[in-house]
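What follows is one structure encoded as structure tokens, with my remarks underneath.
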Amino acid sequence: MRTLQYLLGTLFTLGAPAALAADSTITISGYVRDNACAVAGESKDFTVDLQDNAAKQFYAVGATTPPVPFRIVLSPCGTSVTAVKVGFTGVADSINTSLLKLDAGASAAAGMGVEILDQQQSRLPSMRRHPP
């Protein structure tokens, strides 16, 4: 058995130079940017608690809850970064497509959606919504 292993090892060694003799060219190109940011650890995979809200708060179409602020921390950022753009993706509400649809389930609220606002309380234009 040991002799067979020795012979196989010798054959593989003799065949290796032929494999290494093949000509090939690898071209690598690119550039280093100093205008990028990374999402900080505390801003990855977090949950925004929308609190408990009484049904009577939603007395009419368009009624909203108080805003619930959240932050997305970007760090480290390159020295040439002057602004960033953030986008959200989700399924559009079937009635009001400017809102994100709530997950379905036995305890899910009906007739409601989620709206994401900026610091000035304006709806984010960069929200990409998929058709319901």
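The values are calculated or read from the model by the stated rules, or taken from the named source; none is laboratory data. Predicted model only: the values in this text are computed from it and were never measured. As a convention, Cβ positions derive from the backbone with ideal geometry for all residues, glycine included, and neighbour counts pool all protein chains shown.
Summary of values
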| read-out | value |
| --- | --- |
| Set VAL48, VAL61, VAL114: member being in contact with a Phe, Trp or Tyr (Cβ under 7 Å, 6 or more places away or on another chain) and at pLDDT 85 or above | VAL48 |
| Hey, ARG2 farther than 30 Å from VAL114 by Cα and either at pLDDT 90 or above or basic (Lys, Arg) (or both) or not | yes |
